[in-house]
Amino acid sequence: MATPFRSWLDMVSATQAAQPSWMTPLVTVTPRLEQEFRFDLYDQQNGTGSQGNGQRIVSYGGPGGNRVEFIPAWNVEGILAVPPYDTASGPKGNAQGWGDWPAFLVKYRFISANKENGDYIVTGFFQMTDALGTAGKISNHVLTAQPTLAAGKGWGDFDIQSTLSVQVPVAGQDSPGNTAEMNMNSFGDPILWNTTFQYHFMQYFWPELEVNYEHWPNGTHAGLDQVLLTPGIILGRFKIGQDSPTRPINLIIGAGYQMAVTPNPVVKNNFVATVRITF
C-alpha cells in the first residue's frame, strides 16, 4: 500500500507530466508548477541619474528570497521564502540587514499541455511582500500585493515564457524622514512585463534572453519606462538522488547579466546567479 508521502509524490509527478518541461528562467517567474529549493544571488548597481540613487545592493536571496516551492494539490503551487539578506553601499551610505520579505506566492494553473500535446501553459499568481523595517537604504517600507498572469508556448527545443503583473501598495510604514503615507505615495504601482526566450540543446544546456520591462504610472518614478536585457545560461537537470521511482532529485545552476537599454535607469546592471535542487 502506498504511503501518504509516496501518494503525494505520485500526484506531483502526474501534475508536472501534464505541463511543458521547460527550465525556470533566471528572473521571469515560470508559469510551470515546480517543486524545488531555490537560492539566488543578485549583485545590483543602480543608476546615477535623476532616477537612480547610485547604490550597489547585494542580495543573498534576490527579490524572491531563498525559498521552497512545492505542489500541494493538482494545478496548485505554493512558495514559502525567508527574507533575503542584503548589503547596500554607495552615495546614500552603507547598510546591511534583512530585505523586504516575499512572504508567500501562490500559483494556480488554468490550462496546460505537455510537449506531446501542444506544449503550452497559462497560470495565475498572487504574491504578498512585507516590509520588515530594515534600514531605509534597503526596504521600500510598503506592504505590497502582486497579482500576475503568466503564459508560455514551446516549439520543439525553443520556448517563450512571459508574465504580466502589477505591484499594488497595500499599507505603508514610517521610515527615517518619511511617513507611512509618503512611502505609499512614492512607491508608484509599477507594472512589470517579463518575457524569456529560451533554447534547449545537448540535454543540459538552456541559454536564454530575458526582456524585463517596468513602467511606473505614478510615484517617485512617474512616467518612467525601463527595459533590462538579461542574457544568461542555465545548466541542468543533473541527477543527484532519487525521491521515488518517478522523481529524481536534480541540481540546476545558472547565471546571467542584466543591463539597462533605456536612458536614465533606476537599475543600471545586475549580476544574477541561481542554484536549485528539485525534489
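The values are calculated or read from the model by the stated rules, or taken from the named source; none is laboratory data. Quantities reported herein were computed from a predicted structural model and do not represent experimental measurements. All Cβ positions, even for glycine, are placed from backbone atoms using ideal geometry, and neighbour counts span all protein chains on display. We work out accessible area using only protein heavy atoms, side chains counted, and drop any ligands, DNA or RNA first. Shrake-Rupley method; radii C 1.70, N 1.55, O 1.52, S 1.80 Å.
So here's what we get for this one:
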| quantity | calculated |
| --- | --- |
| Residue count, the stretch 137-155 (criterion: modelled with pLDDT under 85 and either touching a helix residue (DSSP H, G or I) at 6+ places or on another chain (Cβ under 6 Å) or outside any loop (DSSP other than H, G, I, E, B) (or both)) | 0 |
| Residue list for the stretch 62-87, restricted to those being assigned to a loop (DSSP other than H, G, I, E, B) and either touching an Asp or Glu at 6+ places or on another chain (Cβ under 6 Å) or farther than 16 Å from T274 by Cβ (or both) | G62, W74, N75, P83 |
| Conditions (1) surrounded by fewer than 21 Cβ atoms within 10 Å (Cβ to Cβ); (2) part of a strand (DSSP E or B); (3) not aliphatic (A, V, I, L, M): number failed by S21 | (2) |
| Identity of the residue in the stretch 113-136, charged (D, E, K, R) and in contact with a strand residue (DSSP E or B) (Cβ under 6 Å, 6 or more places away or on another chain), that ends up modelled with the highest pLDDT | D119 |
| Residue among I252, I240 that alone is open to solvent by 70 Å² or more (accessible area, probe 1.4 Å), hydrophobic (A, V, I, L, M, F, W, C) and either at negative phi or not in a strand (DSSP E or B) (or both) | I240 |
| Answer residue from the stretch 156-188, given it is assigned to a strand (DSSP E or B) and of a type in the set (S, T, Y) and is nearest to H215 (Cα to Cα) among those | S165 |
| Which numbered condition D189 misses (of (1) within 17 Å of M128 (Cβ to Cβ); (2) touching a residue at least 40 places away in the same chain (Cβ under 8 Å)) | (2) |
